[in-house]
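Following: one structure in structure tokens, then a few remarks.
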Amino acid sequence: MAVRVHQQDLIKFSAKCLRQAGAEENIANTMAQSLVWGDLLGFRTHGVRRLPYNVKQLQSGAMRGSGEVEVLRQRAAVETWDAHQLSGLYVAPKAVQRACEMASSAGTGTIVVKGCEHVASLAAYLQIATNQGMLVNLMAATPAQESVAPAGGCSRVFSPNPYAIGVPTSADPVLLDMSFSVTAAGKVRQAYERNERLPWPAIISKTGEISDDPKVYIEEGGAILPLGGGDLGYKGYGLCLQSELWTLGLSGHGRNDAAADGEQNTLFVQVLDPEAFAGTVALKRVTDDLLARCRAATPVDANQPVRIPGSGALANYREQVEQGVLLDELTWPRLIHYAEKLAVTLPKTC
């Protein structure tokens, strides 16, 4: 059964669960906000559905609940961090904010992070930069995970690496969060748990057949196809390579180094201040014109005009801030279970 819970109540509940599991208050609060932002923007597989995972990691000691990142290398506009098993839900927003600070003085800021636990939805962190009038792009990879096949192959090599950008405009920002594979592993698992087929042929079997059946991946050892699928997967293959070279390569923490890392991520964060280029006014003038041209494009279906990346996510956000965060039939029972396990009072439903 799906339910709705007010945003702040869900954040407080999630933070209390994380504190009970061993996270310091400031870390727990930031982690909870990151998870709930994933849900607010509609990324439900990467929202509070991942709360139980984070609780387990804290309780087992696989995730640190205290301390700070270590800055390994530093220049005027570049830093390399080792998170030493801190949560990506805490480290990612910290990295975006630090990159914004560097960009405000140097025009750009880039941070590469290794050894952080799963960052969940990259979209949750984009508006940290766009609210400050800056452009941001993020990439993440999971060096111990093999899920995605390279083009022409049928065995697993890459993780389903996400990529996200945020761009300020005169109105709502452009927000894009996508995977360099046809779909994310979380969506494959969700379809499997619901006993559904995938909406696209996103899986390749161990013998090379392309399928929309999540069982081929979950039960039979198949792989997820790179973006572009069976016909144009060489494009996604190239992007998978880029994301792992920009994260694993620049951090110096590759797949041979990460065998015991579990779901730990490496993260690439880059922020650009338009004032260091043609200026904010010029950026918004060009961006607003480009987006207007996209909206004016003749739609395939007159009832479905062309949308701007992020418009659906922001519509989700506004609706859920007003009516409560939607927790689906897979997520709510898990929260009930962990509320009982941790002796934390469940938030009231709307």
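The values are calculated or read from the model by the stated rules, or taken from the named source; none is laboratory data. Every value quoted in this text rests on a predicted model; they were computed, and no experiment measured them. Note: ideal-geometry Cβ built from the backbone for every residue, glycine included; neighbour counts use all protein chains shown. Note: accessible area is taken over every heavy atom of the protein model, side chains too, but ligands, DNA and RNA are not part of it. Shrake-Rupley method; radii C 1.70, N 1.55, O 1.52, S 1.80 Å.
Worth a mention:
- Restricting segment 27-53 to residues that are open to solvent by less than 10 Å² (accessible area, probe 1.4 Å) and among the β-branched types (Val, Ile, Thr) leaves a set whose member that is nearest to ALA92 (Cα to Cα) is ILE27.
- Checking SER60 against (1) hydroxyl-bearing (Ser, Thr, Tyr); (2) modelled with pLDDT of 95 or more; (3) touching a helix residue (DSSP H, G or I) at 6+ places or on another chain (Cβ under 6 Å), the condition it does not meet: (3)
- Of the residues making up segment 228-252, those that are within 15 Å of GLY153 (Cα to Cα) and either of a type in the set (S, T, N, Q) or buried (at least 22 other Cβ atoms within 10 Å of the Cβ) (or both) number 4.
The rows are residues; the columns are (1) of a type in the set (S, T, N, Q); (2) over 19 Å from the mean Cα position of the chain (by Cα); (3) farther than 30 Å from THR349 by Cβ.
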| position | (1), (2), (3) |
| --- | --- |
| GLN264 | yes, no, yes |
| VAL271 | no, no, yes |
| ASP288 | no, yes, yes |
| THR298 | yes, yes, yes |
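- Condition check for TYR192: surrounded by fewer than 23 Cβ atoms within 10 Å (Cβ to Cβ), under 18 Å from the mean Cα position of the chain (by Cα) and of a type in the set (Phe, Trp, Tyr): no
- For segment 98-139, a tally of residues being open to solvent by 10 Å² or more (accessible area, probe 1.4 Å) and among the acidic types (Asp, Glu) returns 1.
- Annotation: of all residues in segment 140-163 being surrounded by 22 or more Cβ atoms within 10 Å (Cβ to Cβ) and among the small types (Gly, Ala, Ser), the one that is nearest to GLY279 (Cα to Cα) is ALA140.
- Members of segment 10-26 that are more than 18 Å from ARG50 (Cβ to Cβ) and either surrounded by 22 or more Cβ atoms within 10 Å (Cβ to Cβ) or charged (D, E, K, R) (or both): GLU24, GLU25
- Residue in segment 70-77 that is out of contact with any strand residue (DSSP E or B) (no Cβ under 9 Å at 6 or more places or on another chain), within 28 Å of LEU239 (Cα to Cα) and of a type in the set (D, E, K, R) present: yes
- Cross-chain or 6+ apart pairs with Cβ under 8 Å, segment 164-192 first and touching a residue at least 12 places away in the same chain (Cβ under 8 Å) and closer than 25 Å to LEU330 by Cβ, then surrounded by fewer than 23 Cβ atoms within 10 Å (Cβ to Cβ) and of a type in the set (Lys, Arg): ALA191/ARG197; TYR192/LYS215
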